[in-house]
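*Asks:* Dropping a structure here in structure tokens format, bear with me for questions.
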Amino acid sequence: MAFNYFDSWVEFFFFVLLVIGFIIALFAPSAVVSYIVIFVSGMIGGRLIYERKEKLKFPYYLFIIGFLVGYAIGAYHGNKSVIITLFVLGNIVSYYLYDQGIVQDIRY
């Protein structure tokens with residue numbers, strides 16, 4: 001029963017990002033820092049969604065959700081609903097900024 005990477009790469013990266021989110025949340029010393037980190041992480045997720053808007057999307061949604069779940073589990077400081085709300089707001093703000101051309105990637 002060996003691990004087949006090509007069949008399970010989405011689940012593998014979901015788990016990896018879940019663990020990374022958990023570890024990052026453990027190092028946040030206060031609720032304010034935790035909120036800032038999750039908002040910035042949400043902005044990175046929004047950029048990823050914007051970049052992949054014409055391509056395969058579902059695995060990337062799972063990666064983003066995996067990070068969010070890991071972060072929410074590991075966040076000792078702060079309210080979980082505020083963390084989720086700030087993450088979603090970061091996604092929306094970032095997607096909007098890229099979509100309107102206010103923020104541009106250096107590759108374009």
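*Asks:* Any residue at all in the stretch 27-39 that is part of a helix (DSSP H, G or I) and more than 17 Å from residue 90 (Cα to Cα)?
*Replies:* No, because not a single residue in the stretch 27-39 is part of a helix (DSSP H, G or I) and more than 17 Å from residue 90 (Cα to Cα).
*Asks:* Sticking with this structure for a sec: Is it true that some residue in the stretch 14-22 is part of a helix (DSSP H, G or I), out of contact with any helix residue (DSSP H, G or I) (no Cβ under 7 Å at 6 or more places or on another chain) and small (Gly, Ala, Ser)?
*Replies:* The answer is no; no qualifying residue exists.
*Asks:* In addition: How many residues does the stretch 40-53 contain that are of a type in the set (Lys, Arg) and either touching a Gly at 6+ places or on another chain (Cβ under 9 Å) or assigned to a helix (DSSP H, G or I) (or both)?
*Replies:* Number of matching residues: 1.
*Asks:* Name the residues in the stretch 32-65 that are at pLDDT 95 or above and closer than 14 Å to residue 19 by Cα, would you?
*Replies:* none
*Asks:* Take the stretch 21-39 and flag every residue that is β-branched (Val, Ile, Thr) and surrounded by fewer than 16 Cβ atoms within 10 Å (Cβ to Cβ).
*Replies:* Passing the criteria: 23, 32, 33, 36.
*Asks:* Within the stretch 54-108, track down each residue that is in contact (Cβ under 8 Å) with a residue 40 or more places away in the chain, closer than 21 Å to residue 13 by Cα and either in a loop (DSSP other than H, G, I, E, B) or touching a strand residue (DSSP E or B) at 6+ places or on another chain (Cβ under 7 Å) (or both).
*Replies:* 75
*Asks:* Taking the stretch 43-98, which residues are of a type in the set (D, E, K, R) and surrounded by fewer than 17 Cβ atoms within 10 Å (Cβ to Cβ)?
*Replies:* Scanning the stretch 43-98 gives 51, 52, 53, 54, 55, 57, 80.
The values are calculated or read from the model by the stated rules, or taken from the named source; none is laboratory data. All of these numbers come straight from a predicted model, not from anything done at the bench. Positions of Cβ are generated from backbone atoms using ideal geometry, with glycine treated the same way; all protein chains shown enter the neighbour counts.
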